[in-house]
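Quick notes on the structure that follows.
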Number of protein chains: 2
Amino acid sequence: MQLTKGVEQAICIIVILSTQDKNVPLSSNEISRRLEVSPSYLKKIIRKLVVKQIITSVPGNNGGLTLAKSVDKIKNLEIIEAMEGPISMFPDTGLIEKAFKDGEYAEKGMDVLRRMFSRADQLLIEFFSSQTVADLLKESFGTTDIPTLNWNTASLSDVLREKKGEKK
Amino acid sequence: MQLTKGVEQAICIIVILSTQDKNVPLSSNEISRRLEVSPSYLKKIIRKLVVKQIITSVPGNNGGLTLAKSVDKIKNLEIIEAMEGPISMFPDTGLIEKAFKDGEYAEKGMDVLRRMFSRADQLLIEFFSSQTVADLLKESFGTTDIPTLNWNTASLSDVLREKKGEKK
DNA sequence: TCCATTATGGATATGTGATATCCACATACA
DNA sequence: TGTATGTGGATATCACATATCCATAATGGA
């Protein structure tokens, strides 16, 4: 019972974008370099987040990605469901119905397990929707404003400022 | 984020055994017939439950399976962990560390996600350990004493009684 | 208009783990 | 001794996550 790697990857993408100047899109290739994941694969992850309007994409020259909303508006549940669909713990194959094939218990038997697990689903939904990405950052770093300087490579915005001859 | 089918299968096995006379072992082949799962596969599922001392197995002629304890002593968490190991939602690949490769945030960054998800794990552990198989049966059927008669085939105990010339 | 850069989305390969089956063997009882 | 059973290892199959590539469209700048 594990979340997919995709959830971890998605969160990392969002955390990286959270350090990015909103006016300067970051290319998915740059993110792929930082996370050491292949560009083509990363784009697939990103598309799921774009569809759910968690991040915004602009194609073309000087295009790229920005967060569609601030980190305190992005619920952790959103990210999980963007990657995996609705939370549903129970792999309902109808096996329990075979156990109660005949007799008065047949119809009720179908609900035994579903009921318990949908309650567990609800528990997780409440838990993950009560927190945002901002909460994660704040709890770990004491701030949601992580300077771009800490990245291992110069940020795209730095590069662009330099191209334009601006100083930081 | 789903439990494996094995959990569903394990619960069905336990529910079937709960209707069985404790003194008359039920063969895994009979369970496999009822659930329409191959005998050899079902034995593998069963072995996991035997190792965790949830069910008891007796080899040899007239051997078979019985519950190692009553259904009100079998926590649902036990079953899940017997099949899947300890509950752990987060597929920790260390990706977040690549995002925070350098700088003061590197060490703290490692904990961002782990902390949240271990709290989610704890939530599930508490939920599933607060319930037993008896609770499931009681909630759905109003009783934990489901008569063997409702099975689609005659139970092994009936067959054995007949062999011995006993009447029900 | 042309070029470079970027996202889009389909096709496809790879890998991993769940699912499933079979077989040789040990055990128990009649 | 024979039959019925569980044990445990080897292995096959399948689903799905993971990963890559390629053709295409979109965008901005020269």
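The values are calculated or read from the model by the stated rules, or taken from the named source; none is laboratory data. Please read all numbers here as calculations on a predicted model, not as lab measurements. Glycine gets a Cβ as well: all are built from the backbone with ideal geometry, and neighbour counts include every protein chain shown. The accessibility values were calculated without ligands, DNA or RNA, using every heavy atom of the protein model including side chains. Shrake-Rupley method; radii C 1.70, N 1.55, O 1.52, S 1.80 Å.
With the structure loaded, tell me whether A:E78 is open to solvent by 30 Å² or more (accessible area, probe 1.4 Å) and more than 15 Å from DNA strand D (Cβ to nearest atom) or whether it fails that test.
Details: open to solvent by 30 Å² or more (accessible area, probe 1.4 Å): yes; more than 15 Å from DNA strand D (Cβ to nearest atom): yes.
So A:E78 passes the test.
Could you go through the range A:6-27 and let me know if any residue there is in contact with a Leu (Cβ under 9 Å, 6 or more places away or on another chain), within 30 Å of B:Q9 (Cα to Cα) and of a type in the set (K, R). Checked against the condition, which is being in contact with a Leu (Cβ under 9 Å, 6 or more places away or on another chain), within 30 Å of B:Q9 (Cα to Cα) and of a type in the set (K, R), the range A:6-27 yields no hits at all.
Only one of the numbered conditions (1) surrounded by fewer than 17 Cβ atoms within 10 Å (Cβ to Cβ); (2) within 13 Å of DNA strand C (Cβ to nearest atom) is violated by A:S28, and that is (1).
Return the only residue of A:E78, A:E139 being away from DNA strand C (no atom under 16 Å from the Cβ), modelled with pLDDT of 95 or more and of a type outside the set (A, V, I, L, M, F, W, C). Talk me through it step by step, then tell me what you get.
Working: A:E139 fails: modelled with pLDDT of 95 or more.
Of A:E78, A:E139, the one residue that is away from DNA strand C (no atom under 16 Å from the Cβ), modelled with pLDDT of 95 or more and of a type outside the set (A, V, I, L, M, F, W, C) is A:E78.
If you filter the range B:56-75 down to residues that are within 14 Å of DNA strand C (Cβ to nearest atom) and of a type in the set (V, I, T), you find that the one that is farthest from B:E126 (Cα to Cα) is B:V58.
The single condition among (1) within 10 Å of DNA strand D (Cβ to nearest atom); (2) within 27 Å of A:P91 (Cα to Cα); (3) not hydroxyl-bearing (S, T, Y) that A:E36 does not meet is (2). Among the residues examined, A:Q9 does not qualify as surrounded by fewer than 17 Cβ atoms within 10 Å (Cβ to Cβ) and modelled with pLDDT of 90 or more.
Spot the failing condition for A:K52; the list is (1) within 30 Å of A:N29 (Cβ to Cβ); (2) modelled with pLDDT under 95, and only one is missed. With respect to (1) within 30 Å of A:N29 (Cβ to Cβ); (2) modelled with pLDDT under 95, A:K52 is out only on (2).
Looking across the range B:47-98, the residues that are polar (S, T, N, Q) and more than 30 Å from B:S118 (Cα to Cα) come down to B:T56, B:S57, B:N61, B:N62, B:T66, B:S70.
Take the residues of the range A:34-55 that are within 13 Å of chain B (Cβ to nearest Cβ) and within 11 Å of DNA strand C (Cβ to nearest atom): which is most open to solvent (accessible area, probe 1.4 Å)? Reasoning before the result, please.
Within the range A:34-55, the first condition is being within 13 Å of chain B (Cβ to nearest Cβ), and the residues that meet it are A:34-37, A:41-42, A:45.
Subset that is within 11 Å of DNA strand C (Cβ to nearest atom): A:41-42, A:45.
Numbers: A:Y41: 96, A:L42: 3, A:I45: 9 Å².
Looking at residues that are within 13 Å of chain B (Cβ to nearest Cβ) and within 11 Å of DNA strand C (Cβ to nearest atom), I get A:Y41.
Given the conditions (1) modelled with pLDDT of 90 or more; (2) open to solvent by less than 30 Å² (accessible area, probe 1.4 Å), which single one is not true for B:V58? So the condition that B:V58 fails would be (2). Does B:N61 qualify as being more than 9 Å from every other protein chain (Cβ to nearest Cβ), more than 10 Å from DNA strand D (Cβ to nearest atom) and over 15 Å from B:F128 (Cβ atoms)? Judged against the criteria, B:N61 is not a match.
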